[in-house]
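Quick notes on the structure that follows.
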Amino acid sequence: MKKGFDGARDHHGELLPELSASATRMKYDKLMDAPLPKFDKNYPGSPFFTELGYFMLRRTMYSQFRTFETTGVENVPTDRGSMCSAWHTNGLMDPISIFLTHPKKFVVGGRHDLVTRPILGFWARKFAVQPVVRKAELLRGGCSEEEANYLNGRSLLNLATGISHGFGCALFPEGTSHSESHLIRLKTGPFRTVLAAAAHAKATGSEIPTLIPIGLHFRTRHLFRTDCWVEYGEPIDLPHEELPSELVEAIGAGDWSEPPAEIVTGLRDRLKEKLEPMTPNRKTFSEVNRDSVIAHVQRRIQNKPELTWREEVLEVRRLKNEPASAEIQEVATKIGDKLNQSGLDGRDINTSCDGLRGFSPVGAAVDLLKLIPFIVFLPTLILGMGWQIALGRILGDRTDEGLDARTSYHMLFGMFGSMLWWPVMATILTALTVMYNSEINYDLLGLFGNEIWQEGIATVLIWISMILVLWISAVSFANGWDAVSDFSKWTRRIKYNSSVSDDIAKLRDLLK
């Protein structure tokens, strides 16, 4: 039995989430020393490291996904703070997807070990992340209940104060990242926090913050270069008029106080009503695959362009409310399960709906254009990204955090590994260039002249150029991977076409 799985249950009788090895190691003294956020500036944490972190996250995230789309950002009010709540199925990719698309900077709360881990903990402290002890750690003896209540109260008060001051915040009411195809039971932490933020806003005369449901949609969450759609929903107004004056006074004075339970649960139920349709909301992913197949076949029959990822999600959502007949569902389920087991999906169905797509000259030409830079920069890629890719893949595939944390490891090694290694690699290559400059046909050091200061400028530019080449090699890897992935899918379509072609044709006839 794994260390974090001991059959422990909460007061509802539900099994507590399985803990990773990292989550079981609670360092309470270090948690209490975590930096507190500042509310009198534009950044709760370090301005320099926050901007640097956002810059690196953007570069890494947009390489992580093949398509990345955001809608509904106009729903976010910019004259007040907001609490963002979404379902939680993809580890660190979930909060980062919100951070990078929300118009405001964030006060951040997270699992306690984010603050104490090597490297990641450094950045968490620079972002002023406020650690939270979950019930799963508390009931397993990570710390005393008094210690957990004090730490959580302090963290939630800081988050609430930050939201009241106009910052954004993202907390996930399910309390843990999971692999279900629907919401699991919602905890009350985010709702207690945002209600406390409303109380603080009332005490200080600030604008009352809002609660925003967010749909996080990943085509295949654990795969590199999958598709992502971040969907901002309509804000939910907070019942601030129902908050008792005692709560407003306590929060305004800087003391944590619990909002009334009935208001908390009422807000939780309102969020659940809005958030549930922004998830697949199915018993199993087999049902999702089934309706995805139906949506793509319908699109083929209508002779319309292929569904984008966002359009596919919306079509699957529509088919939840307007289900197809039992016979259609049965055939589509058979197709969807076979395609999923083969690493394929509804996009792989051909235009005549009698089998899977064949060879596409246009697609092959596009992939070839992507593959050429990948091959050209392959030596640089190995030097600059080789060990990051290898370790990210190895540890991501072996992590005890679960499949939902796989891409978190990929992203973290890609980002932090490059940040630490590229300057070293660029320095080594620059030093070699300077040492062997006389043996190079072109005098790189003499670009601007032979004075010491001129050669110094040339050396700096060479170093920057090395960083740029390493970055280009990383981008070429992401695009080249698309070509490799497309070729792999083509070979699988050839292999499995005969096993699904008759069923696809039958589904087409049924839908017509």
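The values are calculated or read from the model by the stated rules, or taken from the named source; none is laboratory data. Everything numeric here is computed off the predicted structure, so don't read it as measured data. Glycine also receives a Cβ, built like all others from the backbone with ideal geometry; neighbour counts cover every protein chain displayed.
So here's what we get for this one:
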item	result
Residues of region 444-460 classified as within 25 Å of residue 423 (Cβ to Cβ) and either exposed (fewer than 13 other Cβ atoms within 10 Å of the Cβ) or outside the structural domain of residue 426 (by TED's automatic domain parsing) (or both), total	4
Unique residue being more than 21 Å from the chain's Cα centre (by Cα) and in contact (Cβ under 8 Å) with a residue 24 or more places away in the chain when the list is 35, 47	35
Residue tally, condition more than 18 Å from the chain's Cα centre (by Cα) and outside any helix (DSSP H, G or I), over region 382-429	1
Residue within region 482-495 that is among the aromatic types (Phe, Trp, Tyr), under 27 Å from the mean Cα position of the chain (by Cα) and surrounded by fewer than 15 Cβ atoms within 10 Å (Cβ to Cβ) present	yes
Enumeration of residues in region 58-71 that are within 12 Å of the chain's Cα centre (by Cα), in a helix (DSSP H, G or I) and either among the polar types (S, T, N, Q) or buried (at least 19 other Cβ atoms within 10 Å of the Cβ) (or both)	60, 61, 64
From 164, 206, 181, 177, residue being touching a His at 6+ places or on another chain (Cβ under 8 Å) and within 22 Å of residue 93 (Cα to Cα)	177
Strands (runs of 3 or more DSSP E) lying entirely in region 78-197 (those with 1 or more residues that are touching a Phe, Trp or Tyr at 6+ places or on another chain (Cβ under 6 Å) and of a type outside the set (Val, Ile, Thr))	168-170
Positions within region 392-418 being within 25 Å of residue 58 (Cα to Cα) and surrounded by fewer than 16 Cβ atoms within 10 Å (Cβ to Cβ), in sequence order	393, 394, 397
Long-range neighbours under 8 Å by Cβ, at least six apart or interchain, first residue on the phi < 0 side of the Ramachandran plot within region 422-442, second acidic (Asp, Glu)	437/443
Boolean, residue 214 is out of contact with any helix residue (DSSP H, G or I) (no Cβ under 9 Å at 6 or more places or on another chain) and within 22 Å of residue 284 (Cα to Cα)	no
Condition met for residue 340 (over 27 Å from residue 276 (Cα atoms) and outside the structural domain of residue 70 (by TED's automatic domain parsing))	no
Matching option when the condition is at positive phi and within 26 Å of the chain's Cα centre (by Cα), among 128, 197, 160	128
Residues that are free of Cβ contacts under 8 Å to residues at least 12 places away in the same chain and either within 21 Å of residue 470 (Cβ to Cβ) or in a loop (DSSP other than H, G, I, E, B) (or both), drawn from region 443-456	443, 448, 449, 450, 451
Failed condition for residue 379, given (1) within 30 Å of residue 507 (Cβ to Cβ); (2) more than 26 Å from the chain's Cα centre (by Cα); (3) of a type outside the set (A, V, I, L, M)	(1)
